[in-house]
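Q: There's a structure below that I have some questions on.
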Amino acid sequence: MSEVVYRSQVRIERVRGPIRRAYLPAEADPVIFGVHGAVAQHYKVPPAVLEPHATTLDYIVAAAAG
């Protein structure tokens, strides 16, 4: 079996509702995840709570496309 070459050290904080702050390696500032548009409607996030941010799915799609 091969030796582990890299292990990502990530920390996630829940801010409120669907808003999360992710601390990623090599990034000076945290990345904010949340919901927006149809995703917010699907999860029935009330407009008063909604602070639109890209979803984790948006980041996965961007990473796969890159």
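Taken together, the values in this text are just the output of simple stated rules run on the coordinates, not laboratory data. On a predicted model such as this, the values are computed, not experimentally measured, just so you know. Cβ atoms come from the backbone with ideal geometry, glycine included; neighbour counts cover every protein chain shown.
Q: Mind checking which residues of segment 43-58 are under 9 Å from residue 18 (Cα atoms) and out of contact with any strand residue (DSSP E or B) (no Cβ under 9 Å at 6 or more places or on another chain)?
A: Hits for segment 43-58 are 45, 50.
Q: Of the residues 26, 54, 38, only one is on the phi > 0 side of the Ramachandran plot and among the aliphatic types (A, V, I, L, M); which? Talk me through it step by step, then tell me what you get.
A: Details: 54 fails: on the phi > 0 side of the Ramachandran plot; 38 fails: on the phi > 0 side of the Ramachandran plot.
It is 26.
Q: Still on this model: Return the only residue of 46, 18, 52 being of a type outside the set (S, T, N, Q) and over 13 Å from the mean Cα position of the chain (by Cα).
A: On the way: 18 fails: over 13 Å from the mean Cα position of the chain (by Cα); 52 fails: over 13 Å from the mean Cα position of the chain (by Cα).
Exactly one residue qualifies, and that residue is 46.
Q: Here is a follow-up. Quick one: residue 64 ticks every box in (1) among the aliphatic types (A, V, I, L, M); (2) loosely packed, with under 10 Cβ neighbours inside 10 Å; (3) not in a helix (DSSP H, G or I) except a single one, so which number is it?
A: The single condition residue 64 does not satisfy is (3).
Q: State whether the residues of segment 7-21 include one that is part of a loop (DSSP other than H, G, I, E, B), touching a strand residue (DSSP E or B) at 6+ places or on another chain (Cβ under 8 Å) and of a type in the set (S, T, N, Q).
A: no
Q: Working only within segment 22-61, note down all residues that are part of a strand (DSSP E or B), aromatic (Phe, Trp, Tyr) and either touching a residue at least 40 places away in the same chain (Cβ under 8 Å) or surrounded by fewer than 15 Cβ atoms within 10 Å (Cβ to Cβ) (or both).
A: Taking segment 22-61 and keeping what is part of a strand (DSSP E or B), we get 22-23, 31-33.
Checking which are aromatic (Phe, Trp, Tyr) leaves us with 23, 33.
Scanning segment 22-61 gives a single hit, 23.
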